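The values are calculated or read from the model by the stated rules, or taken from the named source; none is laboratory data. Computed from a predicted structure; not experimentally measured. Reconstructed Cβ throughout: ideal geometry from the backbone, glycine too, with neighbour counts over all protein chains shown. Side chains are part of the model used for accessible areas, which takes the heavy atoms of the whole protein and leaves out ligands, DNA and RNA. Shrake-Rupley method; radii C 1.70, N 1.55, O 1.52, S 1.80 Å.
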Amino acid sequence: MISVFDLFKIGIGPSSSHTTGPMRAARHFMQSVATIAPKAHRIDVVLHGSLAWTGTGHHTHEALCLGLLGHSPERVDPELVPRMLDRLRRDKAIALSDGASLGFDPSSAILCDLDEVLPEHSNGMRFRLLDTDDSVILERVYYSPGGGFIVIEGEAEADDIADVPYPFSHTGDMLKLARDTGLSIAELQRANERAQRTDAAIDSSLDAIRDTMFACMDRGLSRSGTLPGGLGVERRAMTLKQKLLAAEGSNKAYPHDHLDWVSAFAVAVNEENASGGRVVTAPTNGAAGVVPAVLRYYQKFFSDYSDDGARDFLLTAAAIGVIIKSNASISGAEVGCQGEIGSAAAMAAAGLACVSGGTPEQIENAAEIALEHHLGLTCDPVGGLVQIPCIERNAIGAHKAIAAASLALHGDGKHRVSLDQAIESMRQTGLDMRSDYKETARGGLAVNFSEC
């Protein structure tokens, strides 16, 4: 079983597959380099597939540099990143712990192969350690399949996997376990998390995830200006928040203002993500606003909100995310945005149905409704940036999640299409989808957008 803390990772924007994953891969490679003989002279990296096509807009080059310098996504300070990168560009070398250094010029040592797509995934990276005559001492290929996960060629995903008391890889298994044990989906997931952590550690880690989500949202709701990248996208979350507060104070609020707040929450997160701020993959950076927005909706508008409820929300959402990742994909480069926003909406819908008192069957139905109505959604970022249409898609995905939970809660949990069937449909749709529409910036809005 994949842990909730593998699925919800604290990192920096703008992309879990193109920023967080490459940073983790580079750091992992450097840990291997530390054991190599002093004949080592320099490092180079070759990006393949989607990383080569849209890596510039996703800050992949910067992420690789930070990872090679030894930084991890969850600990690096976004405010210090520009200074660290400037120093690397100036020194053109990476210092090792023994006082030696390896040559690395970011302007020439990171190459983009626009032709070759490596066999295991579109997001491929080849790291090489070279000696003084450019002979290869060490070479490793890594893949970044979404959500900040990394895979080393020929090995399993580089994340902790433990034996658990209630293993499930499909929703059919999960619902049967719930019926047989009388446990909720959140309780099943918590019991599995106990294979690696105590309840106290689980609670504190879940609280840290929630607090990081909300802190990111609050930063986004308090900042104005233009997002980086050259598209001239203006931040909107703060203005939307101010208008909603003004309406509340003047008795001019509308019934749909609750949903406008959800939009503000989601947009705030993804504006922070687009600017390289601290975010939580949920399950990816490109879809990082959906789960936090619906969780904040629960906090702001539900009178029975509690910390325990928030924890159950996240555990339930993670259980759904684990099943989707295990049987299809959460990677836009692999199956399009249905795997990112669609998965996030399914997770958020399940979490909201859980804290609304839904049965396991109603929770599964909520996730199925949300995912079903994202099937076929392409990943077509304009300019390779996680801005247009990505930011607004998070708001719409959050709205769909709330509607899906509401529909499911008005039913009895019985429905014709199961979540397992919707997940398999997403997988097949992703296989059939042309690569132009899977995070390559070579189709859809990415090519039909023009600046006037």
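Before anything else, pin down the relative contact order of the stretch 208-335: Cα pairs under 8 Å, at least 6 apart, normalised by residue count, whole percent. About 24 percent, as a whole number. A Förster radius of 35 Å combined with the Cβ-Cβ distance from GLU187 to GLU248 puts the calculated FRET efficiency at roughly 0.40.
Seen from ILE185, the other residues with C-beta closer than 9 Å to its C-beta sum to a net charge of -3, counting Lys and Arg as +1 and Asp and Glu as -1.
Across all Cα pairs in the stretch 328-427, the calculated P(r) in 10 Å bins from zero up to the longest distance comes to 19, 47, 26, 7, 0 percent per bin.
Overall form of the stretch 9-146: oblate. Here a/c, set by the Cα gyration tensor axes a ≥ b ≥ c, is 1.5 or more, and a/b is not larger than b/c.
Each Lys and Arg Cβ is given +1 and each Asp and Glu Cβ -1; about its Cα centre, the chain then shows a dipole of about 940 debye. Highest-first packing order for the peptide set 41-49, 87-95, 135-143, 335-343 is 335-343, 41-49, 135-143, 87-95, based on the mean count of other beta carbon atoms within 10 Å.
Each label point was placed 7 Å from the Cα along the Cα-to-Cβ direction; for LYS176 and ASP308 their separation is 3.1 nm. For the stretch 109-213, the pair-distance distribution built from all alpha carbon pairs, in bins 10 Å wide starting at 0, is 12, 26, 27, 20, 13, 3, 0 percent. Spread over its residues, the convex hull of the C-alpha atoms of the stretch 1-70 is 113 Å³ per residue. Normalised by residue count, the stretch 224-297 yields a Cα convex hull volume of 93 Å³ per residue.
Accessible area per residue was computed with a 1.4 Å probe on protein heavy atoms; GLU248 scores about 90 Å². Taking every alpha-carbon pair in the stretch 103-148 and binning the separations at 10 Å intervals from zero gives 22, 48, 28, 3 percent.
Residue pairs exceeding 24 angstrom between C-alpha atoms, taken from LYS241/LYS400; LYS300/LYS325; LYS252/LYS300; LYS176/LYS300; LYS176/LYS325: LYS300/LYS325; LYS176/LYS300.
Peptides 169-177, 322-330, 199-207 ranked from most to least packed, by the mean per-residue count of other Cβ atoms within 10 Å: 322-330, 169-177, 199-207. Straight-line reach from LYS39: taking Cα to Cα under 20 Å and skipping same-chain neighbours fewer than 8 places apart, the lysines in range are LYS92. Taking Rg and Dmax of the Cα atoms in Å straight from the coordinates, which label in (1) 20.6, 64; (2) 21.7, 74; (3) 26.3, 80 is the correct one? So the structure-derived entry is (2). The translational diffusion coefficient of the stretch 384-438, from Stokes-Einstein at 25 °C and 0.890 mPa s with a Kirkwood hydrodynamic radius over alpha carbon pairs, comes to 177 µm²/s.
Could you order ARG427, ARG190 by accessible surface area, starting with the largest, using a probe radius of 1.4 Å?
Sorted descending by solvent-accessible area, the residues read ARG427, ARG190.
Note on ASP211 and ASP133: with the Förster distance fixed at 56 Å, the Cβ-Cβ geometry gives a FRET efficiency of about 0.65. Gyration tensor over the Cα atoms of the stretch 179-288: the corresponding equivalent ellipsoid has semi-axes (square roots of 5 times the eigenvalues, largest first) of 34, 20, 12 Å. Each peptide in 287-294, 219-226 was scored by the mean count of other Cβ atoms within 10 Å over its residues; highest first, the order is 287-294, 219-226.
When only alpha carbons of the stretch 244-284 are considered, Rg and Dmax amount to 13.5, 38 Å. Take the Kirkwood radius over Cα pairs of the stretch 60-127, plug it into Stokes-Einstein at 37 °C and 0.692 mPa s, and you get 243 µm²/s for translational diffusion.
Using a simple spin-label model with pseudo-atoms 7 Å out from Cα toward Cβ, LEU375 and LYS414 lie 2.2 nm apart. If you add up the charges near ASP86, with Lys and Arg at +1 and Asp and Glu at -1, over every other residue whose beta carbon is less than 13 angstrom from its beta carbon, what do you get? Once positives and negatives cancel, what remains is +3.
Largest first, the residues GLU272, GLU153 sort by 1.4 Å accessible area into GLU153, GLU272.
Here the calculated FRET efficiency for ASP105 and SER72, from their Cβ-Cβ distance with R0 = 25 Å, stands at 0.60, rounded to the nearest 0.05. Once you reduce the stretch 76-148 and the stretch 5-39 to the center of their Cα atoms, the two points are 10 Å from each other.
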